[in-house]
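As C-alpha cells, the structure follows; a few thoughts come after it.
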Amino acid sequence: MSNELLAKVAHIGEALTPAPKITGFHHIAYRCRDAEETRKFYVDLLGLKPAAALAFEKDPAGRDMPFMHLFFEMGDGRFIAFFDEPSSADDDTFRMKDGIADYHFAFEVGTMDELKTFMTRLGEAKVPVFGPIDHHFCHSIYFFDPSGLACEITVRDAKHDAIMAAESDRSAQAIHEWTEKTRALKEARMKLFREAAD
Ligand SMILES: [Fe+2]
C-alpha cells in the first residue's frame, strides 16, 4: 500500500465542520493465526462472548482471498475482532508484539479483586503474566495472546479521574514540548532511512 494515502495535518485548520462526538470503539481488529485457537483464548479463557464469525471467499476488492472475520463481545457491548487470513499467515506476522514498539490494547475490569482473579486464572492456564504494575491512575497486568498480541487488563485506581482531569489540562502543552524536544532525533532517523533507501 502507498504512503500517499496517509493523513497529513497541514490543512486541519481548514476543517470548519464541527466533529461529532465519537462515543467509543465499535471494534478494534487484528490478525490472528488461527480462528479456533483465538476463540479458545478470548472466549474459553477470558470469558468474552462469541459474537460473529463471518467467512468470506474474496477480499473487498473482489480478489480470491478466503478469510474469516471474528468478533468477540466485551461487557460494554463493544467488540474485539480478528482476521484469520491463511494465505498470508507467516511467523513474522505472528511474532510476539512489543507493547511499546508495536502496540497493545487494554481490557478493563471493575475491581482489583477481578484483576487478581484474572492473574490466578491465567496462571492456572499456564499463560505467563507480568504485573500487576502500579501506573498510579490504573493497575495493570500484561500477557500475550496465541498470535503474539500484547494484551493488558487494567483496573482504574480510586484517583483515576482526578489524575486524568489534571493531566487533561496540560496534555496539549506536554505533547508540544515533547515534539519540540524529540524533533531533531526524529529528523536524523528519517534522514538515515532516506539515505539507506537511495
Ligand atoms: Fe496500556
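Laboratory data are not the source of any read-out in this text; all were calculated from the coordinates shown. Please read these numbers as outputs of a predicted model, since none were measured by experiment. Here the Cβ positions follow ideal geometry from the backbone for every residue, glycine too, while neighbour counts run over all protein chains shown.
If you scan the range 25-52, which residues turn out to be in a helix (DSSP H, G or I) and basic (Lys, Arg)? Scanning the range 25-52 gives ARG39, LYS40. Within the range 7-36, the set of residues being of a type in the set (Lys, Arg) and over 30 Å from PRO86 (Cβ atoms) comprises LYS8, LYS21. Anything in the range 135-156 that is within 10 Å of the ligand (Cβ to nearest atom), among the hydroxyl-bearing types (Ser, Thr, Tyr) and over 11 Å from GLY99 (Cα atoms)? List them, or say none. Listed by number, the residues that qualify are SER140, THR154.
Checking each residue of the range 85-107 against the condition of being of a type in the set (Asp, Glu), in contact with a Pro (Cβ under 9 Å, 6 or more places away or on another chain) and more than 13 Å from the ligand (Cβ to nearest atom) gives at least one match. All conditions in (1) of a type in the set (Ser, Thr, Tyr); (2) within 16 Å of the ligand (Cβ to nearest atom); (3) surrounded by fewer than 17 Cβ atoms within 10 Å (Cβ to Cβ) hold for THR120, with the sole exception of (2).
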